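Written below as structure tokens is the structure these notes are about.
The values are calculated or read from the model by the stated rules, or taken from the named source; none is laboratory data. These numbers were taken from a predicted model, which means no experiment stands behind them. Cβ: placed from backbone, ideal geometry, glycine included. Neighbour counts: every protein chain shown. Ligands, DNA and RNA are excluded from the accessible area calculation, which covers all protein heavy atoms including side chains. Shrake-Rupley method; radii C 1.70, N 1.55, O 1.52, S 1.80 Å.
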Amino acid sequence: MESILSIKNLHKRYGFVHAVNGISLEIKKGNVYGILGPNGSGKSTTLGIVLNVVNKTSGEFTWFDGSQSTHEAIKKVGAIIERPNFYPYMTAAENLSLVCKIKGIPKTKVAEKLEIVGLTERRNSKFRTFSLGMKQRLAIASALLNDPEILILDEPTNGLDPQGIHQIREIIRLIASTGTTILLASHLLDEVEKVCSHVLVLKKGQMLYSGTVSDMVRSEGFFELAANDLVELERKLRLHPYFKSVDSAQDKLVFTTSTTIAAADLNQYLASENIFVSHLAFKKPSLEEQFLTLTKTANL
Ligand code: ADP
Ligand code: MG
């Protein structure tokens, strides 16, 4: 797959603050990448560095296999890293036409991009009458005018109401479905889970996880069990051929196996050992729980 951006061992220090601490990331064409981390974890600094608005302290990043200078490469990037800013007394279409004029893009793109972000009907409304969500959608349309190879968004749904959040996420999915590579920064787990194929989890500038969202979500899962005699239940679970661990959680036991087994098979095994469970459920930790586990165990 074609490389869009390659980041290797990037560092940024602001005095004593190590804002970006050894980040590496390979961005391949057609995927949707999320940089996920709490506020202050170095997301915006990382985006600023690759967009040449923040100077790195050390490390490397290369656009498009290094075939062009960063200056040239960034012309093929659509980025929104600040609050959208347009002329308040000009209409949506006029604002985008002006961007076309400045960047030497054919004006025919205006209608096409307004359609993608669902602003066709409001194309002749003045920018100052727009809601925050509409302003953000107009900013996305503007970033798409030059048909960029990659769209970069920093916290694209910040400050929006639930409907505005939903609209922006749908638009991101739509843009991704046309093959545009996307890199977005977010402190929201469900946002990354909903729109991204790949994720880089950051905490205090350090990488805690890098890989596909599905690999992060895919985990073995565990059984939750209860019975009248928990001691006997635990003893039998320890004798199970695929026993891995058993822990007590309040009035239940949490049982993990070394390989995936069906709940019905576990139930049958226990019944054959004269244990009749009052509760048996298979559970998978959510991305949120995994994220919390990751950030906890890393102990940064
Ligand atoms: P995020 O986008 O994940 O919220 P940032 O990249 O904005 O995180 O910030 C990472 C760290 O760097 C924070 O501790 C922040 O206070 C610090 N920082 C960011 N920009 C500057 C700056 N211009 N000067 C000093 N410290 C900064
Ligand atoms: Mg930020």
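Structure above, values below:
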quantity	calculated
Rounded to whole Hz, the Karplus (6.51, -1.76, 1.60) HN-Hα couplings of segment 62-69, x for glycine and proline	10, 8, 6, 6, x, 6, 9, 5
Surface accessible to a 1.4 Å probe, residue 282 within the full protein complex, Å²	100 Å²
P(r) weight above 12 Å for segment 222-283, C-alpha pairs, percent	62 percent
Straight-distance crosslink candidates among lysines, where the alpha carbon sits under 23 Å from residue 135 and sequence neighbours closer than 8 are dropped	43, 75, 76, 101, 103, 107, 109, 113, 126, 194
DSSP bridge pairs, the chain: antiparallel proportion in percent, nearest 5	65 percent
Kirkwood hydrodynamic radius of segment 81-129, from inverse mean 1/r over distinct Cα pairs, in Å	11.1 Å
Karplus-derived 3J(HN,Hα), 6.51/-1.76/1.60, for each residue of segment 173-178, Hz, glycine and proline x	4, 4, 5, 4, 5, 8
Placed amide H near residue 54: partners under 5 Å, 5+ positions off or other chain	49
Total charge dipole magnitude, the chain, about the Cα centre, Cβ charges on Lys, Arg, Asp, Glu only, Debye to nearest 20	1280 debye
Residues of segment 226-260 with amide N under 18 Å of a point placed 7 Å along Cα→Cβ from residue 274	227-240
Average Cα contact separation per residue, the chain, under 8 Å, 6 or more apart, as relative contact order %	20 percent
Order by protection proxy (mean Cβ within 10 Å, highest first), peptides 122-130, 73-81	73-81, 122-130
Unit charges on C-beta of K, R, D, E only; dipole of segment 1-140, Debye	420 debye
Over segment 222-283, relative contact order from alpha-carbon pairs under 8 Å, at least 6 apart, %	48 percent
Note, ³J(HN,Hα) from phi for segment 11-24, Karplus 6.51, -1.76, 1.60, rounded to Hz, x at Gly and Pro	10, 9, 10, 10, x, 7, 7, 8, 5, 10, 10, x, 8, 10
Per-peptide average of other Cβ atoms within 10 Å, ordering 109-115, 33-39, 136-142 highest first	136-142, 33-39, 109-115
Simple spin-label estimate for residue 87 and residue 115 in nanometres, 7 Å along Cα-Cβ	2.6 nm
Candidates 265, 154, 215: whichever shows maximal mean-square fluctuation once the chain is modelled as a Gaussian network with Cα springs under 10 Å	265
The chain: radius of gyration and largest Cα-Cα distance (Dmax), Å	24.5, 79
